[in-house]
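**Student:** Okay, here's the structure, questions in a sec.
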Amino acid sequence: MSNYVWEPDRRHSPRIDLMVAIRGDLMALNEAARVLQLSESGMMVETTVPLSPRDAHEFRLNLNGHPLQVKTRVIHTRMAVDRDDVTYVSGLEFVDVNEAAASELQAFIAKAAGSEKSEERPGS
């Protein structure tokens, strides 16, 4: 039996599960990352290398063909093991986001959230 205690969601902005793959590039290491979830304040990514919680990490995202560079900090990370494959899933918070980048994120999220809702409706 697990002793883990679930805490309430403390996010300031809702995040969406992405139905389409968004590729992110961890710029310092030239390492690919798969974006699993995205919100206006952060994202969850899967990488093949652990991300240090002591450092800021810059990512280049491809949002529908539009490159967007964001600076992040690690909020939490966990290792995922599947047979011989090891990946790291990290929750990241955006830091120092400029107005243009924030607008692009908002527009992408609104469009993706609208797509999710239309897919949920029967007969759509």
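**Student:** Out of curiosity, is Leu105 of a type outside the set (Phe, Trp, Tyr), modelled with pLDDT under 90 and either closer than 19 Å to Arg23 by Cβ or surrounded by fewer than 16 Cβ atoms within 10 Å (Cβ to Cβ) (or both)? Outline the logic, then answer.
**Tutor:** Values: of a type outside the set (Phe, Trp, Tyr): yes; modelled with pLDDT under 90: no; either closer than 19 Å to Arg23 by Cβ or surrounded by fewer than 16 Cβ atoms within 10 Å (Cβ to Cβ) (or both): yes.
So Leu105 does not fit the description; no.
**Student:** Oh, and also: Kindly indicate which of Met44, Met19 is modelled with pLDDT of 90 or more and closer than 19 Å to Ala112 by Cβ.
**Tutor:** Values: Met19 fails: modelled with pLDDT of 90 or more.
Of the residues listed, the single one that is modelled with pLDDT of 90 or more and closer than 19 Å to Ala112 by Cβ is Met44.
Conditions tested, residue by residue: (1) surrounded by 14 or more Cβ atoms within 10 Å (Cβ to Cβ); (2) touching a Pro at 6+ places or on another chain (Cβ under 8 Å); (3) of a type in the set (A, V, I, L, M).
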| position | (1), (2), (3) |
| --- | --- |
| Val45 | yes, no, yes |
| His57 | yes, no, no |
| His66 | no, no, no |
| Asp85 | no, no, no |
| Phe94 | yes, no, no |
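**Student:** For the stretch 68-83, name all the residues that are farther than 14 Å from Glu93 by Cβ and exposed (fewer than 14 other Cβ atoms within 10 Å of the Cβ). Can you show your working first?
**Tutor:** Our first condition is that a residue be farther than 14 Å from Glu93 by Cβ; within the stretch 68-83, this holds for 68-69, 78-83.
Matches in the stretch 68-83: Gln69, Arg78, Met79, Ala80, Val81, Asp82, Arg83.
**Student:** Let me ask another. Only one of Val74, Val97 is modelled with pLDDT of 90 or more, part of a loop (DSSP other than H, G, I, E, B) and either more than 14 Å from Ile22 (Cβ to Cβ) or of a type in the set (Gly, Ala, Ser) (or both). Can you tell me which?
**Tutor:** Values: Val74 fails: part of a loop (DSSP other than H, G, I, E, B).
On inspection, the qualifying residue turns out to be Val97.
The values are calculated or read from the model by the stated rules, or taken from the named source; none is laboratory data. What you are looking at is a predicted structure, and each value in this text was computed from that prediction instead of being measured. In this analysis, Cβ positions are derived from the backbone assuming ideal geometry, glycine residues included, and neighbour counts consider all displayed protein chains.
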